[in-house]
Structure formats: structure tokens, C-alpha cells
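Take a look at the structure below.
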2 protein chains.
Amino acid sequence: MPADTNHRIVMASRPTAYPEPRHFRLEEAPAPKPAEGEALVQVEWLSLDPYMRGRMREGPSYATPVQEGEVMTGGVVGHVVESRTPELDVGDIVDGSLGWQEYAVARPGQLRKVDPGLAPISTAVGVLGMPGMTAYFGLLDVGQPEVGDTLVVSAASGAVGQVVGQIGKIMGCRVVGTAGSDDKVDFIVNELGFDAGINYKTQDVPSALAEACPDGIDVYFDNVGGPVTDAVLQLINVHARISVCGQISQYNLPEPELAPRQMGILIQKQAKMEGFLVFNFAHKHEHARQRMAEWIRTGQLKYREDVVEGLENAPGAFIGMMSGENFGKLLVHVRNY
Amino acid sequence: MPADTNHRIVMASRPTAYPEPRHFRLEEAPAPKPAEGEALVQVEWLSLDPYMRGRMREGPSYATPVQEGEVMTGGVVGHVVESRTPELDVGDIVDGSLGWQEYAVARPGQLRKVDPGLAPISTAVGVLGMPGMTAYFGLLDVGQPEVGDTLVVSAASGAVGQVVGQIGKIMGCRVVGTAGSDDKVDFIVNELGFDAGINYKTQDVPSALAEACPDGIDVYFDNVGGPVTDAVLQLINVHARISVCGQISQYNLPEPELAPRQMGILIQKQAKMEGFLVFNFAHKHEHARQRMAEWIRTGQLKYREDVVEGLENAPGAFIGMMSGENFGKLLVHVRNY
């Protein structure tokens, strides 16, 4: 039986720079009741992702922003605990964008059934979910790596970066990652098999990159933007592809950062820089998911999760992620089954 | 009979900002003699193009820089006046990259025979030459316009821009150009049939663009970079294509210009920004040339040349082009036939 009470986290006010605890509020409310055609989902895993910072911003983007007092946007994995639709049964495991809360009602079209035989169900918002799909299509469809290419990925130990680098290795690339601690660099090189790693907080990135990429850079998968990206662009080869996935270094700046203009490099190198959203490839997600699940089974694709216990700790974990405190895919374990 | 004397313009010293007359030197030298397998070409038309500023810069680029004391790089149209190769006859009209001079020797592989029946031969370095090919492939292959798209082109009355805009109209786009004088704006709108034009020197570009592009911008063909490009990026639509051809606003800056970072817009709009060189499409030039010659015959494609008489006036004309003083494709008439 579902509880009568729902706990949820709303955006209390809009941050203009780094988010702080005061921008979030934990609320108690009656648990929602499913109407005809809906199901009630009890959330087990909440995914915390950098894109959520964009939803806290006012103004037009590719998605509607969260308003003050509204539940924070977020992908979850949960269990159907009550169903008023023939398409879903109690006990089904589903994922969907149900927000930072314990319970939510949804129509079947808003949910995807998760196959628990594929991998642990938390992966439905991780390596086999949005971040994994982002890595897969952003690398393969946008970055178009070829055997022997040098691939650089930033935020390389993160939810997306760790997958990008490993798929790069599967595709026969030399893979170099940047990350924010020696432990993370050690992880991507010694656990995940990257060819080299750079700690962008302690190393001189331009010279470390030049050393790690003696043949230049053919594909860059960018999660961070900023000075790391500036350094990468100085080393790109002719016909390089830059897959622009995220710019986390810029998300919390109250004013846009000024930097040297970069478009001249694109001409000189006849290079392509392309932004994308994972939703652009929705029609191909299922194929990628099956392929990646197979790589997980064969041990070619590993993943590291960073699990925080308790919904009440979501804001702190999210704030920490904005400065790279997480190590791997950041998840909130909302309720222990 | 060719003259015994060759006049040529060499780079006297390397500019670090805007080029000045002192960076060039007119020299007199003996006319070169063709060796076995070569022909002697007498230059009639010298093309002046923004890319030449890049050749005056030291350091690696996609092409070898001019050294101090060397003849300036430049495409020409000329006449074979002496031939020691069966592949070329006296009287043949050819184009090639023979530099800023009256006479040059070349092997057949360095030259292309020009068909004077196609259009006036000066077009071999203009609308039917490098600038025309740049426009054609940079728009069609890189920008990929579709019927009904809004296309913006910067430096719209220039050698490349004027062709881009007209091909855009042929392809069924709404075409908006930016240029640096009211006369140029009048020309692109009233002579070439652009839908709107903006004088970037006197108008507020962001608001003028917003007014001229009520449905946003789908394709941007960029010749200039800088603040015009910043304004365009604020208006791009989802899946916009930015074809990066030139960045003339940046070529003469002693230090790179700082500007707000732009990569976040690419993600939000899932947009592509791609640099290219006309040589990337060399295998398809001939097809494009025939197609464009037909458009010229039918009156769908017009071109405006800005002709300067005399090789000695090439440096001044080139310097003027760097600040937009030319009006149309800039050519030097080296010798009157």
C-alpha cells in the first residue's frame, strides 16, 4: 500500500549563480491519487544531472523552466504501486521524468517499462538511460569516430563521460579524458581503460593535452566548455568533429564568460562543432540500449554510480555536482526496497 | 612577344594588425623563362581576396605562409604567351595561383583552362572561380538550405556573399544580408533580390536582424565573425546550420578578440557550426561552374565586380578591402588587352 504522504523538493527561488540550499525546499503533501488512465509510481531512484541547472533558469530554452514552488524536474526509476490503466500493472518498473519526489501519477505514455533482466534498474537513468544514450549518440552520430582517431572527452568520470570514453575504446580510438581529481583520473585510466587522463585542476591543460595527444585531436566530446575546451580546440586536426553535449563550467556564471573567439579555428581545420540533445535520437534509443546492455554483460562497458541516500539529500548532492564533487553517475536512493 | 621585364608585388614585411603600404613592395625583375614542360602566362586579372591576409601571417595554417620578400599569393586569369608543353597553346586562357605579378611560369597541372564562351574571363577568379565555388558549396553542402528557410549572409555584397544570397533565393529561401553601407544594402535588395539588408555600421544589428527574420534564422553563411555573428546566433532556430567561411572582422586584430562564449547556444538549438575550405569540394567544382554559368545566362545570378586598374594599385585595394571599401568582387586589371 502506498503511503498517504508525499515528500517532494521544490525550487524555492531561482539561483542566479551557483545554486545554494536556500533555492530548494523539502515539502510534505498528500500522496497523489491516480485518475482513470493513470498509474501511481513510487520512486526508488532519482537521477541528478547537470541539465537540471538549465531548468532553474528563466527564459526560453529547449524545455520549459521550473517555476518557483514547483517540483524540481528529474528522471526517476520507480515501481507502479497502483494502476488505473490496463497498460501498467502493480509491480511494473518504469522510468520517466517524474521529478524530485516520492510519488507521482503518470499516464502510460509518460513512462517506459524497465526490463530488470537487462541490468540493475538504477541503470535505467544511468548507463542505459538518458546519460548513456547521450554518450552513445553524441559520440557515434555526432562525433563520428573512426578507428585510430584520438578522442578527448571532458568530465570523463561523469555519467556521460565515462560511457563516451569506453565506447571510444570499443570503436578503436585513442581516448584521453579530463577530470577534476587524481582519483578520477586514476579511475578512467586504470578501471575504464582510457589511454590517458588529465587532472584539469592541477595540471597545465594545454601542455598535458599536447603530450597525451601526439597526433592531435579528431573528436572532442565536450561536457564542460570553458578553458578546457579552448585548449582542446588548439589541437584539433583537419576535419575534427566537436560534439557539444554540455557546458557545465558556464551554467553557474551570473554573467557570460568572455573568451577568445574560436570560429577561425573551425575554418582552418575545416572542423564541425555540433550541439545536440539526446531526444533527437529517441527513435534509436532502444537499439542502443540493447547494444550497451550486451557490452555491460561482456565487461566492455563498466559504470560507476555515486549514490546518495534519501530525497532530503538531493539538493546538497546536486549543488556538489555543480563543482564536480560527485564521482560517477549521481543518483539519489529515494526509498529502499 | 612577352616583355623582358616582370613587375611583381612582394610582402616587404609581416603586418601584425591592419596591413599598410609599407608591408608591400613593387619590384621589377627579369621576366621568367619557361623550362621544358612549362608555359609562360601573362596575367590579365588578379583576384584580391580576404584569405590573403592569412597568408601574410606566420605560423601553421591550411596553406604555407608568404615569406618576407616573396611574391604575394593570388589567383589570376592570364594568357599563355609562350609554351613548352603540348598541353598548352599560345593564346590559351588559364587561371591559377600565380601571384601578384605580370608574368609567371607554370606547369599545366597548376593551371585550369578557362572557357571564354562561358562568361567574361574575369569571372574565372570571381563568380565562376574560387569565390563562386566557395559560395556554392559553403551554402549548399555545408549550410544545406531548404525551401522556406531563412538564410542570413554577412558581407553580403562581397565576392562570396553576393553569390550566396542569390543561390539562396534560387533555392527558395528568405535571404537577409548584412553589409557596410547603404549603397551595398540597396544593391543586394534592389539589384540582387535579397528580401532584406542591414547596414551593420549604422543600424542596431540585433534589432534589425530580429525584424528582418521574424521566423528566426535557419542557415547562416558567415564571412565576418565578430559582433554580427554574435547577433545572428541569438536568433538561430533549432537545427540551424552555420557555415563558417570567413572571419574578416578578426583577421587584422593584433590580439584575439574576447567575446561571450557561444557553445551553449549550439546545444540549446541543436545547431551545427562548420568551417570549410573551397578545396574540400574540388572534385565537384566543374559541375557547379556549369550550373552557375547557366544561372548567369538566364539572369538568375548576377555579379558585381570592383575593378582596380594596374598592378601597382593592388596593395592599396587590398588594404581597403580589409575595412570593406570594395563594392563587389575585387579585381586588379593587370594589363589591358
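The values are calculated or read from the model by the stated rules, or taken from the named source; none is laboratory data. Note that this is a predicted model, so its numbers are computed, not measured. So basically every Cβ, Gly included, is an ideal-geometry build from the backbone, and we count neighbours across all protein chains shown. All accessible areas refer to the heavy atoms of the entire protein, side chains included, with ligands and DNA or RNA removed. Shrake-Rupley method; radii C 1.70, N 1.55, O 1.52, S 1.80 Å.
Below, the figures for the structure above:
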item	result
Label point 7 Å beyond Cα along the C-beta direction, distances from residue B:109 to other copies (nm, shortest first)	6.3
Average Cα contact separation per residue, chain A, under 8 Å, 6 or more apart, as relative contact order %	18 percent
In sequence order, calculated HN-Hα J values of the range B:33-50 (Karplus, 6.51, -1.76, 1.60; Hz; x Gly/Pro)	10, x, 7, 4, x, 10, 10, 9, 10, 9, 7, 9, 10, 10, 8, 10, 9, x
Packing rank of B:169-176, A:203-210, where each peptide gets the mean count of other beta carbons within 10 Å, highest leading	B:169-176, A:203-210
Partner aspartates and glutamates for residue B:284 [C-alpha distance under 18 Å; skip if fewer than 8 residues away on the same chain]	B:95, B:115, B:141, B:294
Other-chain or far-sequence residues with amide H under 5 Å of residue B:242's (modelled H)	B:220, B:272, B:273, B:274
Calculated label separations, residue A:26, copies of the chain, 7 Å along the beta-carbon direction, nm	8.4
Long-range tail of P(r) for the protein assembly as shown (Cα pairs > 31 Å, %)	59 percent
Scattering profile of the range A:126-219 at q = 0.11, 0.20, 0.22, 0.26 Å⁻¹ [log10 I(q)/I(0), Debye over alpha-carbon scatterers]	-0.26, -0.88, -1.06, -1.37
Reachable lysines, given that their alpha-carbon falls under 19 Å from the alpha-carbon of residue B:169 and they are not under 8 places away in the same chain	B:184, B:302
Chain B - mean residue ellipticity at 222 nm from DSSP helices (-39,500 (n - 2.57) per run, n ≥ 4, rounded to 500)	-5500 deg cm²/dmol
Alpha carbon centroid spacing (whole Å) that separates the range A:66-102 from the range A:3-34	15 Å
Across the identical copies, how the residue A:227 labels are spaced - nm, sorted shortest first, 7 Å along Cα→Cβ	2.9
Total formal charge among the other residues, if their Cβ is under 12 angstrom from that of residue A:256, Lys/Arg +1 and Asp/Glu -1	-2
Surface per residue (accessible, 1.4 Å probe) for the protein assembly as shown, Å²	40 Å²
Per-residue mean of C-beta atoms belonging to partner chains within 10 Å, peptide A:254-261	6
With eigenvalues of the C-alpha gyration tensor scaled by 5 and rooted, the range B:4-68, Å	25, 15, 12
Buried area at the B-A interface (accessible, heavy atoms, 1.4 Å probe, summed, Å²)	2900 Å²
Tensor-based shape of the range B:238-322 (alpha-carbon gyration tensor, a/c under 1.5 rounded, otherwise prolate or oblate)	oblate
Alpha-carbon centroids, the range A:108-175 and the range B:161-239: separation in whole Å	39 Å
Dipole magnitude of the protein assembly as shown about its Cα centre (Cβ charges: Lys, Arg +1; Asp, Glu -1), debye to nearest 20	500 debye
Accessible area (Å², 1.4 Å probe, nearest 10) - residue A:97	80 Å²
Surface share of carbon and sulfur [accessible, 1.4 angstrom probe, percent] for the range A:146-274	50 percent
Coil-residue GluC sites (Glu not before Pro) of the range A:1-99, DSSP, other Cβ within 10 Å capped at 12	A:36, A:58
